[in-house]
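Data first, discussion second: the structure below is written as structure tokens.
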Amino acid sequence: MSRHYQLKAASPPARALNYQGLLNDQQIAVVEAGDGPILVIAGAGSGKTRTLTWRVARLVADGVAPEGILLLTFTNKAAREMLRRVEEVCRVDTRRISGGTFHHVAHEVLREHAAELGYQRGYSILDREDSRDVMTAAIAECGLAVGARRFPKADVLIDLVSMAVNTQTPLADVLADRRPQFVPLTDDVLRVARRYAERKHALNAMDFDDLLLNWKILLAEREHVRRALAGRYRHVLVDEYQDTNRLQGDVVDLIAAEHRNLCVVGDDAQSIYSFRGAHFANILEFEKRYPDARRFDLTVNYRSTPQILSLANASIAANVRQFKKELSSVRRDGTLPAVVPCRDVQQQAAFVAQRVLELRDEGIPLPEIAVLYRAHHHSMEIQFELARRGIPFVVRSGVRFFEAAHVKDVLAHLRFARNPGDELALKRCLKITPGVGTATADAVWSAFSLRRSRGRGTLDELLAPDVASHVPAKGRAGYTRLAQLLRALGRPPTSDLPGEAIEKVLDGGYEEYLRAEFLNADQRVEDVQQLAQYARGYEDTEAFLSEIALLTEISAETVSEGGEPDEKMILSSVHQAKGLEWRAVFVVWLADGRFPSAQALKDTDGEEEERRLFYVASTRAKDELYLTYPVVAAPRDRERVVMKASRFLEELPAEPELFERWQLDDPGLPAALGAAPPPAAGLPPRDPSVVPALFGEPAPRRGPADVVAPVEADGGDPGGGDDVPF
Ligand SMILES: Nc1ncnc2c1ncn2[C@@H]1O[C@H](COP(=O)(O)OP(=O)(O)OP(=O)(O)O)[C@@H](O)[C@H]1O
């Protein structure tokens with residue numbers, strides 16, 4: 001006996017779509033545009049995700065085979081979300097559509113074709129940690145493992161190699177541009193890079209950059225593969241096109257070359273990643289590469305009030321290299337953005353904190369309020385102030401300022417110089433000394449504390465032969481330098497000038513260490529300089545260290561009367577805020593030289609990219625926008641420097657009125673709420689029993705929810721750090 005069993009079709013026929021009422025006319029034009037190259041310039045908050053999703057759905061509904069569609073996005077999450085919605089409206093199995101990040105799709109392609117490039121089946125993919133191991137081994141094999149002489153660390157080399165691959169630039173040029181201090185080591189660096197590539201190949205493994213590079217090589221050099229792949233994808237759609245780098249741009253051009261049905265969506269005004277390789281020309285010169293391209297603009301903004309948009313429109317109008325467009329709002333009128341000059345950074349912090357509390361009382365929940373800044377260290381005083389007032393916050397731009405490794409490293413030097421019994425502080429200092437490992441640090445500490453127990457507890461003892469002899473030859477020079485530095489920090493007048501002490505740490509080898517170790521060394525150095533500046537407000541090192549220890553304690557408490565325990569406002573760099581929105585936004589430190597940053601202005605096109613950054617910051621606000629800057633700063637030697645307002649504020653036209661200037665009336669801030677406290681002169685001597693509590697105990701750990709995606713300011717995933725390419 002036999003039975004017939006009917007299998008359902010994997011993809012029932014797509015049904016007619018109805019998007020009237022869900023899309024505006026501009027969006028519909030994109031969705032319905034026919035074949036050929038298309039450039040969609042999508043303004044901030046104009047619904048580009050929605051538009052792209054419906055275009056994919058429309059293609060499927062019109063009978064394009066799902067296998068013939070390639071959707072490239074900046075995170076896999078974004079692709080999944082879009083395809084889920086396509087599936088909802090089309091009832092088609094969207095697993096048949098190729099969608100995801102460039103890396104994800106490259107892997108799919110290479111699984112089939114890697115043999116063409118000499119890989120065996122089942123090649124491995126190296127994650128960052130694996131890559132670090134391979135690079136470390138390559139450095140060692142070339143005889144360049146870190147010793148007395150600083151050679152760039154594996155992480156730094158990986159980033160440099162990655163930059164070279166993604167921007168298709170010779171590594172020697174990248175080195176000269178990004179790490180000029182290593183130019184004398186160029187030959188060695190190139191040798192290590194070649195060894196790294198050989199090792200990966202020997203392991204039958206690829207790192208993320210190899211995936212992209214090999215995808216391009218297949219397309220560019222293997223004609224039969226190119227024909228097969230380019231022939232397969234009848235439609236290629238790319239989201240966030242303004243952030244693509246040169247390599248990604250090349251891959252897109254090659255893969256779309258056969259059918260030329262390429263739809264790229266992006267916002268040139270939000271291109272802010274040139275520092276990590278984004279190639280602005282990809283979007284700006286699209287019409288040159290595709291002269292038959294049709295351009296569509298999405299200019300209806302669903303996010304911000306007309307007042308916020310007017311300011312953003314007026315600002316970005318000053319850029320020359322752009323697609324000119326004027327966004328319009330569908331929202332009702334709101335209040336004018338506020339421009340708030342503050343006396344100094346402390347008053348700026350006090351203003352932000354006070355206004356945040358008022359906004360919360362007016363009904364805006366804390367998670368709907370964000371403070372945005374150009375550089376992570378611009379948040380330092382604000383973190384202090386929020387913690388003092390018990391306003392819970394989460395830092396998206398990295399770890400809380402005083403919990404950052406480099407800030408803790410520097411403070412460890414000051415701690416140990418004051419308290420030579422602080423084992424943790426000394427070991428932290430030793431750990432960053434070249435040629436000194438954990439075992440040496442343990443031995444040095446044991447010998448040093450033995451001498452202390454015999455009554456010889458001064459910092460000079462670090463150089464005593466029975467202490468120093470535990471350091472192997474390769475670490476000797478670094479160790480001696482550290483011991484001398486600590487000794488200098490422990491002596492007057494430096495011992496009671498925390499600002500100067502911090503500068504001494506930086507000059508005494510720490511800056512060198514940061515530059516060898518981290519690609520974002522510039523930011524870390526700036527953080528430490530900012531810390532030195534802040535510390536100058538205290539004439540007593542003990543008061544400074546105690547304040548910081550106390551702050552960590554305060555920020556660990558859940559305060560916020562009346563709020564939900566997990567209600568936290570947001571602190572973020574502008575880069576990390578991309579794609580996000582809040583009801584109220586404060587953009588702080590809008591002083592010329594800070595935002596725009598003086599460093600960025602050195603580059604051609606630097607000013608325009610900084611203006612785009614200001615545009616991204618302003619367009620994150622839905623209802624209220626506050627633009628603040630300190631009038632006076634004290635960068636070095638306690639000299640007070642008058643800051644100019646950012647050129648992005650100064651250049652705004654006076655008519656029509658784009659903002660309201662707020663003048664702060666300050667009855668004089670109590671020390672606990674405002675400026676760094678005055679020197680502790682006249683106070684009774686501190687109780688020494690407090691010292692072990694501050695120095696010896698590890699700082700209270702913050703809950704995992706406190707830090708969202710701790711991403712380095714010059715790295716990370718533009719679409720959200722939690723997404724992975726696979
Ligand atoms: N036609 C529409 N009608 C109503 N709301 C819309 C429409 N199009 C988009 N929106 C809404 O506008 C908001 C902004 O859309 P979306 O987040 O896609 O903007 P975006 O272009 O990605 O912004 P940005 O580039 O600034 O991050 C979303 O809440 C979206 O639902």
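The values are calculated or read from the model by the stated rules, or taken from the named source; none is laboratory data. All figures in this text were calculated on a predicted structure; none of them were measured in a lab. Glycine also receives a Cβ, built like all others from the backbone with ideal geometry; neighbour counts cover every protein chain displayed. Surface areas here come from the heavy atoms of the whole protein model, side chains and all, with no ligands, DNA or RNA. Shrake-Rupley method; radii C 1.70, N 1.55, O 1.52, S 1.80 Å.
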Residue, nearest to ASP442 (Cα to Cα), within the stretch 485-495, restricted to residues that are surrounded by fewer than 18 Cβ atoms within 10 Å (Cβ to Cβ) and in contact (Cβ under 8 Å) with a residue 12 or more places away in the chain
ARG487
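Filter the stretch 68-80 down to residues that are surrounded by fewer than 21 Cβ atoms within 10 Å (Cβ to Cβ) and modelled with pLDDT under 95, then give me how many there are.
First, the residues of the stretch 68-80 that are surrounded by fewer than 21 Cβ atoms within 10 Å (Cβ to Cβ): 68, 76-77, 80.
After this cut, where a residue has to be modelled with pLDDT under 95 as well, the list is 76-77, 80.
So the count comes out to 3.
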Out of all the residues in the stretch 291-314, which are of a type outside the set (A, V, I, L, M, F, W, C), away from the ligand (no atom under 14 Å from the Cβ) and surrounded by fewer than 19 Cβ atoms within 10 Å (Cβ to Cβ)?
PRO291, ASP292, ARG294, ARG295, PRO306
So ARG343 ticks every box in (1) closer than 24 Å to GLU650 by Cβ; (2) within 26 Å of the chain's Cα centre (by Cα); (3) open to solvent by 50 Å² or more (accessible area, probe 1.4 Å) but one. Which box is left unticked?
(2)
Tally of residues being under 44 Å from the mean Cα position of the chain (by Cα), of a type in the set (A, V, I, L, M, F, W, C) and surrounded by fewer than 17 Cβ atoms within 10 Å (Cβ to Cβ) across the stretch 448-463:
1
Any residue in the stretch 156-185 that is farther than 21 Å from ARG128 by Cα sitting within a Cβ distance under 7 Å of a residue that is small (Gly, Ala, Ser)? List the pairs, counting only those 6 or more apart or interchain.
PRO170/ALA164; VAL183/ALA176
Going by the conditions given, is ARG150 among the basic types (Lys, Arg), outside the structural domain of SER274 (by the TED database), in a helix (DSSP H, G or I) and more than 27 Å from ARG226 (Cβ to Cβ)?
no
Counting residues that are within 15 Å of the ligand (Cβ to nearest atom) and under 27 Å from THR299 (Cα atoms), which strands (runs of 3 or more DSSP E) fully inside the stretch 1-102 reach at least 3?
38-42
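Assess whether PHE280 counts as being within 15 Å of the ligand (Cβ to nearest atom) and within 30 Å of ALA164 (Cα to Cα). Outline the logic, then answer.
On the way: within 15 Å of the ligand (Cβ to nearest atom): no; within 30 Å of ALA164 (Cα to Cα): yes.
When the stated conditions are applied, PHE280 does not pass them.
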In the stretch 266-278, the residues that are open to solvent by less than 40 Å² (accessible area, probe 1.4 Å) and out of contact with any Ser or Thr (no Cβ under 7 Å at 6 or more places or on another chain)
GLY266, ASP267, ASP268, ALA269, GLN270, SER271, ILE272, TYR273
Of the residues that make up the stretch 507-519, is at least one at pLDDT 90 or above, open to solvent by 30 Å² or more (accessible area, probe 1.4 Å) and either in contact with a Leu (Cβ under 7 Å, 6 or more places away or on another chain) or outside the structural domain of ARG428 (by the TED database) (or both)?
no
Just checking, which of ILE391, ILE364 is within 14 Å of ARG583 (Cβ to Cβ), open to solvent by less than 50 Å² (accessible area, probe 1.4 Å) and touching a residue at least 12 places away in the same chain (Cβ under 8 Å)?
ILE364
Looking at the stretch 208-230, is at least one residue buried (at least 20 other Cβ atoms within 10 Å of the Cβ) and outside any helix (DSSP H, G or I)?
no
The residue from GLN242, GLN248, GLN181 that alone is polar (S, T, N, Q) and modelled with pLDDT under 95 is GLN181
Taking ALA281 as meeting all but one of (1) crowded, with 17+ Cβ neighbours inside 10 Å; (2) within 23 Å of the chain's Cα centre (by Cα), write down the number of the exception.
(1)
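Go through the stretch 397-419 and give me each residue that's in contact (Cβ under 8 Å) with a residue 60 or more places away in the chain and farther than 17 Å from TYR373 by Cβ. Give the steps one after another, and end with the answer.
Within the stretch 397-419, the first condition is being in contact (Cβ under 8 Å) with a residue 60 or more places away in the chain, and the residues that meet it are 397-404, 406-407, 409-411, 413-419.
Scanning the stretch 397-419 gives GLU403, HIS406, ASP409, VAL410, LEU411, HIS413, LEU414, ARG415, PHE416, ALA417, ARG418, ASN419.
Taking the criterion of being within 16 Å of the ligand (Cβ to nearest atom) and surrounded by fewer than 22 Cβ atoms within 10 Å (Cβ to Cβ), would at least one residue in the stretch 103-115 satisfy it? Talk me through it step by step, then tell me what you get.
Here is the first cut: in the stretch 103-115, the residues within 16 Å of the ligand (Cβ to nearest atom) are none.
No, the stretch 103-115 contains no residue that is within 16 Å of the ligand (Cβ to nearest atom) and surrounded by fewer than 22 Cβ atoms within 10 Å (Cβ to Cβ).
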Among the residues of the stretch 577-587 satisfying the criterion of being assigned to a loop (DSSP other than H, G, I, E, B) and out of contact with any Pro (no Cβ under 9 Å at 6 or more places or on another chain), which is surrounded by the most Cβ atoms within 10 Å (Cβ to Cβ)?
GLU581
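How many residues does the stretch 315-336 hold that are away from the ligand (no atom under 16 Å from the Cβ) and open to solvent by 30 Å² or more (accessible area, probe 1.4 Å)? Walk me through how you get there before you give the answer.
Of the residues in the stretch 315-336, the ones away from the ligand (no atom under 16 Å from the Cβ) are 317-321, 324, 333-336.
Imposing the further condition that a residue be open to solvent by 30 Å² or more (accessible area, probe 1.4 Å) reduces the set to 317-318, 320-321, 324, 333-336.
Final tally of qualifying residues: 9.
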Would you point out which residue out of ILE391, ILE369 is in contact with a strand residue (DSSP E or B) (Cβ under 6 Å, 6 or more places away or on another chain), among the aliphatic types (A, V, I, L, M) and more than 21 Å from GLU500 (Cα to Cα)?
ILE369
For the stretch 262-269, state whether one or more residues are in a loop (DSSP other than H, G, I, E, B) and either in the same structural domain as ALA44 (by the TED database) or touching an Asp or Glu at 6+ places or on another chain (Cβ under 7 Å) (or both).
yes
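Would you point out the residue of the stretch 116-130, among those that are in a helix (DSSP H, G or I) and of a type outside the set (Asp, Glu), that is surrounded by the fewest Cβ atoms within 10 Å (Cβ to Cβ)? Quick ask: steps written out before the conclusion?
Going residue by residue through the stretch 116-130, those that are in a helix (DSSP H, G or I) are 116-117, 128-130.
Checking which are of a type outside the set (Asp, Glu) leaves us with 117, 128.
Details: LEU117: 18, ARG128: 11.
It comes out as ARG128.
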Odd one out for PRO306 among (1) under 27 Å from the mean Cα position of the chain (by Cα); (2) over 30 Å from VAL60 (Cβ atoms); (3) of a type outside the set (Lys, Arg):
(1)
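From the list LEU160, LEU190, LEU144, LEU175, pick out the single residue that is in a helix (DSSP H, G or I), outside the structural domain of ASN520 (by the TED database), out of contact with any His (no Cβ under 7 Å at 6 or more places or on another chain) and more than 18 Å from SER274 (Cα to Cα). Don't jump to the end; show me each part of the working.
Working: LEU160 fails: more than 18 Å from SER274 (Cα to Cα); LEU144 fails: in a helix (DSSP H, G or I); LEU175 fails: more than 18 Å from SER274 (Cα to Cα).
Answer to the selection: LEU190.
For the stretch 294-387, which strands (runs of 3 or more DSSP E) that fit wholly inside it have 3 or more residues that are farther than 28 Å from HIS279 by Cβ and at pLDDT 95 or above? Walk me through how you get there before you give the answer.
On the way: elements: 294-298, 338-342, 369-373.
The qualifying strands (runs of 3 or more DSSP E) are 338-342, 369-373.
Suppose the filter is at pLDDT below 90, touching a Leu at 6+ places or on another chain (Cβ under 7 Å) and within 30 Å of PRO180 (Cβ to Cβ); does ALA535 pass it?
No.
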